[in-house]
Amino acid sequence: MAIQIPLVSLSQPAQLRRTAVLTWLELPRVIVVGLVWVALALPVLTGFFGAPWALVALAALPSCLYATGLVRFASILSRGERPVIRDAFRVDIVLGLSIDLGVFATSALLAGGRAMIIPGVLLAALLLLVVPFALAYGAVRSRTGMSAWRGGFVLVAYRPGTALTLLALNCIAGFIVIASLGALGVFIPCYLFVFACAIVTGQLDEIDHRSGTR
């Protein structure tokens, strides 16, 4: 049964609590799609063992593609509806490839010596801010490719404080996953995607209300 709560009226702490409830109610499915995420993300860890940056960026491609499907699964959860596992495999190839291209460019800059460090860090920061919103916008509004990117940039510009909050949560979540030796990696990515989709839905409702389209 769907949990009908007006997302735009909820504060971020309330959204976090609601997200926890929604993901817990569908925990078996969340764990299954989370296991796939962990399996696809493991090759990226070769970067910690001195693997060439180009190899690491290439290894990130499957997880970038899968992220576009996982966030679709999460967007269904964020509406209080029941997703099915195959929803996580409805990937957006263009968006996933473009995200990996950003990872590739960032890795190249960071590996390009002292002169390229600052551009590399700036590009990495931009990706970390925009990618979650591009993914969530694409899933919530059924947009793909460059349209999802445009929506992500607009939402980050609309509420930069919210973008920074989500970035901070993602960083904290990364440390938690590492501290758990990857065990919580089967739950936390989907949880954060559900939260991101709920936040994006609330922002879009607010924009639509202000523009008079609803």
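The values are calculated or read from the model by the stated rules, or taken from the named source; none is laboratory data. Since this is a predicted model, take the numbers as computed values, not measurements. Cβ placement follows ideal geometry from the backbone for every residue including glycine, while neighbour counts extend to all protein chains displayed. The area values use the complete protein model at the heavy-atom level, side chains included, leaving out ligands, DNA and RNA. Shrake-Rupley method; radii C 1.70, N 1.55, O 1.52, S 1.80 Å.
In table form, for the structure just shown:
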{"read-out": "Filtered residues of the range 42-62 (kept if of a type outside the set (Phe, Trp, Tyr), part of a helix (DSSP H, G or I) and either at pLDDT 90 or above or open to solvent by 30 Å² or more (accessible area, probe 1.4 Å) (or both))", "value": "Leu42, Pro43, Val44, Leu45, Thr46, Gly47, Ala54, Leu55, Leu58, Leu61, Pro62"}
{"read-out": "Extreme residue, surrounded by the fewest Cβ atoms within 10 Å (Cβ to Cβ), among residues of the range 68-110 that are without any contact (Cβ under 8 Å) to a residue 12 or more places away in the chain and more than 14 Å from Ala136 (Cα to Cα)", "value": "Arg86"}
{"read-out": "Unique match (being at pLDDT 90 or above and among the charged types (D, E, K, R)) among Arg159, Arg214, Arg141, Arg210", "value": "Arg141"}
{"read-out": "Only one of Ser98, Ser147, Ser107 that is under 18 Å from Ala60 (Cβ atoms) and modelled with pLDDT of 90 or more", "value": "Ser98"}
{"read-out": "Failed criterion for Leu65 (all others in (1) open to solvent by 80 Å² or more (accessible area, probe 1.4 Å); (2) aliphatic (A, V, I, L, M); (3) closer than 15 Å to Ala139 by Cα hold)", "value": "(1)"}
{"read-out": "Matching residues in the range 112-163 - criterion: being among the aliphatic types (A, V, I, L, M), open to solvent by 50 Å² or more (accessible area, probe 1.4 Å) and under 22 Å from Ser75 (Cβ atoms)", "value": "Leu128, Met146, Val154, Ala157"}
{"read-out": "Unique match (being farther than 22 Å from Leu169 by Cα, within 19 Å of the chain's Cα centre (by Cα) and not basic (Lys, Arg)) among Ser75, Ser98", "value": "Ser98"}
{"read-out": "Hits in the range 181-213 (condition: among the acidic types (Asp, Glu) and either in contact with a Gly (Cβ under 7 Å, 6 or more places away or on another chain) or without any contact (Cβ under 8 Å) to a residue 12 or more places away in the chain (or both))", "value": "Asp208"}
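A quick yes/no check of all residues on (1) in contact with an Asp or Glu (Cβ under 6 Å, 6 or more places away or on another chain); (2) within 19 Å of Arg18 (Cα to Cα); (3) open to solvent by less than 20 Å² (accessible area, probe 1.4 Å); (4) among the aromatic types (Phe, Trp, Tyr):
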residue: Ile178; (1), (2), (3), (4): no, no, no, no
residue: Pro189; (1), (2), (3), (4): no, yes, no, no
residue: Phe193; (1), (2), (3), (4): no, yes, no, yes
residue: Ala196; (1), (2), (3), (4): no, yes, yes, no
residue: Ser211; (1), (2), (3), (4): no, no, no, no
